[in-house]
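Novice: First the structure, which I've put down as structure tokens, then a few questions once you've had a look.
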Amino acid sequence: MAASAMDVPGPKLLDDERHTQDMLAVCTPTFVTPNTRENAKLQIWSFRDMPVFHFLNPLDPHLLDFLMQGLWNETQYNPLGARYWSCVPYLLGEGQAMMYSFAPKSKVITDIPGVPFGRVPPNYLRDNMAATLARQDVEFEILVQVQTDAHRMPIENAAVRWPEKLSPFVPAATVHIPRQRFDTPAHAELAKRLSMNPWHCLPEHRPLGNQSRARLRMYKELSRLRQERNRTPHLEPTGDELFE
């Protein structure tokens, strides 16, 4: 899940967008690897089409990471009904770290055509999103978890889940997605020009940890490559876009 807050005042850490604050999250509460070194190892095995060997390699096992991903990587039925986590910490003002999460508040369509015996459509997630937003509004609650123990809630190890007993998630805001049609050529054309990056942010809310520092360059380079090859120049969203 990626959300972009617009009309955010103040200087940003990246100069390609001046008024946005991006928030990115995934459907597991911990990252697949604890740090950039281990992530590089995973990428090597992924290029060999053997990612599972990264976790089960007897000479360099990552069994706890494998178990965490196995516990939380459940089948997704509708992106509008799943919970998402930042996985990596962010600054919450000087000297304070936090994690955030998007928790669904709406009951949405969860049917998957063809399950369990037929052929599953390749785009059933998008289809379920489109069907849901064609008939109803959807809401998510933004939750914030403040770091209270630097040892048990580490900054540099993204494979550790911060204990909610030490610091429960606190509601901070609501994301309201109105009923709409989003699967149009105009929407798709805009999406090609967007560049979501956690470093589109105010300095006081910057990403923390080694994997976030690596994402700074990787996200910029991947976005630049995608938009150059597609001949779709980058566009900073304003909220005033029209899709007629």
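Each reported figure results from applying straightforward, stated rules to the coordinates on display, with no laboratory input. Small disclaimer: the values here were computed from a predicted structure and weren't measured. Cβ placement follows ideal geometry from the backbone for every residue including glycine, while neighbour counts extend to all protein chains displayed.
Novice: When the Karplus curve 6.51 cos²θ - 1.76 cosθ + 1.60 is applied with θ = phi - 60°, which whole-Hz ³J(HN,Hα) does each residue of the stretch 3-20 get, with x for Gly and Pro?
Specialist: For the stretch 3-20, the Karplus curve yields 10, 10, 7, 10, 6, 8, x, x, x, 10, 6, 10, 8, 7, 9, 10, 10, 10 Hz.
Novice: Could you tell me which of F31, L208, H54 has its Cα farthest along the dipole of the chain towards the positive end, charges placed at Cβ (Lys, Arg +1; Asp, Glu -1), taken about the Cα centre?
Specialist: H54
Novice: Using 25 Å as the Cα-Cα cut-off, could you pick out the over-long pairs in K107/K220; K12/K220; K107/K165; K41/K220; K41/K192?
Specialist: Those over the limit are K107/K220; K107/K165; K41/K192.
Novice: Right, here's the next one. Does the chain classify as rounded, prolate or oblate by the C-alpha gyration tensor (a ≥ b ≥ c root eigenvalues; a/c under 1.5 gives rounded; else a/b over b/c gives prolate, otherwise oblate)?
Specialist: rounded
Novice: Next question. Is the C-alpha gyration tensor of the stretch 1-134 telling us rounded, prolate or oblate? Criteria: a/c under 1.5 is rounded; beyond that, a/b larger than b/c is prolate, otherwise oblate.
Specialist: oblate
Novice: In terms of the Cα gyration tensor, with a ≥ b ≥ c the square roots of its eigenvalues, is the stretch 166-244 rounded because a/c is under 1.5, prolate because a/b exceeds b/c, or oblate?
Specialist: Oblate is the answer for the stretch 166-244, as a/c is 1.5 or above yet b/c matches or exceeds a/b.
Novice: Taking the chain as a Gaussian network, Cα atoms linked when under 10 Å apart, which of L222, L24, L202 shows the biggest mean-square fluctuation?
Specialist: Its mean-square fluctuation being the largest, the pick is L222.
Novice: Something else now. Could you list log10 I(q)/I(0) for the stretch 70-187 at q = 0.16, 0.18, 0.21 Å⁻¹, which the Debye formula gives when each Cα is one point scatterer?
Specialist: -0.88, -0.99, -1.13
Novice: If you place +1 on the Cβ of every Lys and Arg, -1 on the Cβ of every Asp and Glu, and leave all else neutral, what size is the dipole of the chain about its Cα centre, to the nearest 20 Debye?
Specialist: 480
Novice: So, one more: Under a point spin-label approximation (7 Å from Cα along Cα-to-Cβ), what is the L202-L216 distance to one decimal in nm?
Specialist: So the label points at L202 and L216 sit 2.0 nm apart.
Novice: Next question. Could you give each residue of the stretch 195-211 its phi-based ³J(HN,Hα) in whole Hz, using Karplus coefficients 6.51, -1.76, 1.60 with θ = phi - 60°, and x for Gly or Pro?
Specialist: Result, rounded to whole Hz: 10, 7, 8, x, 8, 6, 7, 6, x, 6, 10, 5, x, 10, x, 5, 6.
Novice: Separate question: In whole Hz, with x marking every Gly and Pro, tabulate ³J(HN,Hα) for the stretch 99-112 from phi via Karplus 6.51 cos²θ - 1.76 cosθ + 1.60, θ = phi - 60°.
Specialist: In residue order, the calculated couplings are 10, 9, 8, 9, 10, x, 10, 10, 7, 10, 5, 10, 6, 10 Hz.
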